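Take a look at the structure set out below.
The values are calculated or read from the model by the stated rules, or taken from the named source; none is laboratory data. Please read all numbers here as calculations on a predicted model, not as lab measurements. Every residue, glycine among them, receives a Cβ derived from its backbone with ideal geometry; neighbour counts consider all protein chains shown. Keep in mind that these areas ignore ligands, DNA and RNA; they rest on the heavy atoms of the full protein, side chains included. Shrake-Rupley method; radii C 1.70, N 1.55, O 1.52, S 1.80 Å.
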Amino acid sequence: MIYLPNSQKTLFVPVVKEKSTMKFCTFKKSVVIAAPIQSIFAFHENPENLRRISPPSLKVKTIVAAPTAVCGEPFEIVASQYGLPIRWTGCWEEVEPPTLLVDVALAGPFPYFRHAHHFEALTSTSTKMTDQVDYCLPFGWLGWLAGITGGWLALALMFRARHKATRTYFENASDQ
């Protein structure tokens, strides 16, 4: 277990699942947000909110998607990270309001990328959100090694920024 500032726990479990020459890794991070579970779920099922929570290094240019998550529905995101273009095509694999949203990449920078948002109501006005990303990079053990170092660091920084932005969004919404 690795701890990040502000008592936000980040768990990294290097899971190895053989699939051809790819090795899978898992990244997991949780945050508690002062908002009802239904509000947090609704916020995350709307792909347009990716613009609100993306770190400054990720510039979201285009999102083509339904306004809410529907199991099996595809979506496309065109963005750039550190100036490098990214085209991401995915679909909603699981949608279980208000506790689970899962999206998977159909095409993008990772050969495999599955992102699960788990939502747990702690109280009527407090929700624990856990992001779990199962991913892999190509090139066998070399890709796995890159995934547990550089890939993990990139995900840790991105989800740290996303969780902070989500918390800030709901804190500002409650002030109004």
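Computed quantities for the displayed model
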{"read-out": "I33 in contact with a Phe, Trp or Tyr (Cβ under 7 Å, 6 or more places away or on another chain), modelled with pLDDT of 90 or more and either among the hydrophobic types (A, V, I, L, M, F, W, C) or loosely packed, with under 13 Cβ neighbours inside 10 Å (or both)", "value": "yes"}
{"read-out": "Any hit, the range 152-161, residues being open to solvent by 50 Å² or more (accessible area, probe 1.4 Å), under 17 Å from the mean Cα position of the chain (by Cα), modelled with pLDDT under 90 and closer than 13 Å to F27 by Cβ", "value": "yes"}
{"read-out": "Enumeration of residues in the range 66-106 that are out of contact with any His (no Cβ under 9 Å at 6 or more places or on another chain), within 24 Å of P56 (Cβ to Cβ) and of a type in the set (A, V, I, L, M, F, W, C)", "value": "F75, I77, V78, A79, L84, I86, W88"}
{"read-out": "The listed residue being modelled with pLDDT of 95 or more and in contact with an Asp or Glu (Cβ under 7 Å, 6 or more places away or on another chain), out of T26, T62, T89", "value": "T89"}
